[in-house]
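Scroll down for the structure; my scribbles are underneath it.
Here, each number is a calculation from the coordinates, and none is a lab measurement. Remember, it's a predicted structure, so these values are computed and weren't measured experimentally. All Cβ positions, glycine included, derive from the backbone under ideal geometry; neighbour counts span all protein chains shown.
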Amino acid sequence: MKILKIKENKKEFLDLLLIADEEEDMIDKYLEKGELFALYDDDLKSVCVITSSKDSYELKNIATYPRYQKQGYGQKIMEFVIDYCKNKNKFTKIYVGTGECEKIINFYEKFGFEESHKIRNFFVDNYNEPMFEDGKQLIDMIYLKRDLL
């Protein structure tokens, strides 16, 4: 298993990125300025994109092909990205925004993320089509944060 930082041709990973963020226009807003990591175990399994702002990192996208989900690949790339951010020693916090989906929030909580704040109507206001997770329409963006110290 290896995780590579992808510096060129990031759009080649669009099919996988679209699993976690369903609109290409939204992905385009962060993909080129973000750092893209790809996890390979023989073939491509997972990707993750992080960005940085003036004082923190933000995990923008993490996705694993459905046929490889629940095999630990999401956990491996998540652990790698958290360590990567810690080792850069640039910022002390990392954020992630997600919809109100219990299983996804639980996934992040396993890595020490705690609820930070909410952006009301984010998915309604920023996506052309309604988004659903586990049969529930996503409305608000829930932000979680984790200390990197």
Between the alpha-carbon centers of the range 1-36 and the range 117-131, tell me the distance in whole angstrom.
20 Å
Scaled by the rule-of-thumb 2.2 N^0.38 Å, the alpha carbon Rg for the range 93-143 gives a ratio of 1.13
Report the semi-axes of the equivalent ellipsoid for the chain in whole Å, largest first, where each axis is √(5λ) for an eigenvalue λ of the Cα gyration tensor.
21, 19, 16
Along Cα→Cβ, 7 Å out, is where each label goes; now give me the distance between the ones at residue 24 and residue 105 in nm to one decimal.
3.3 nm
Residue-count net charge about residue 103 - beta-carbon cut-off 9 Å; Lys, Arg +1, Asp, Glu -1
-3
Around residue 147 (Cβ within 12 Å, Cβ-to-Cβ, excluding residue 147; K/R +1, D/E -1) the net charge comes to +3
What does the charge count near residue 41 come to, summing +1 for each Lys or Arg and -1 for each Asp or Glu among other residues with Cβ under 12 Å from its Cβ?
+1
By a straight-distance test (C-alpha under 27 Å), which lysines pair with residue 7 as possible cross-link partners, with residues fewer than eight away in the same chain excluded?
29, 33, 45, 54, 60, 76, 86, 88, 90, 93, 145
How large is the charge dipole for the chain, taken about the Cα centre, if only the Cβ atoms of Lys, Arg (+1) and Asp, Glu (-1) carry charge, to the nearest 20 debye?
700 debye
Place a +1 charge on the Cβ of each Lys and Arg in the range 28-104 and a -1 charge on the Cβ of each Asp and Glu, then give the dipole magnitude about the Cα centre in debye, rounded to the nearest 20.
200 debye
Residue-ordered couplings for the range 100-109, obtained by feeding phi - 60° into the Karplus form 6.51 cos²θ - 1.76 cosθ + 1.60 and rounding to whole Hz (Gly and Pro as x), are 7, 10, 4, 5, 6, 4, 4, 4, 5, 4
Using only DSSP helix segments of four residues or longer, with each worth -39500 (n - 2.57), what per-residue ellipticity at 222 nm results for the chain after dividing by its residue count and rounding to 500?
-7500 deg cm²/dmol
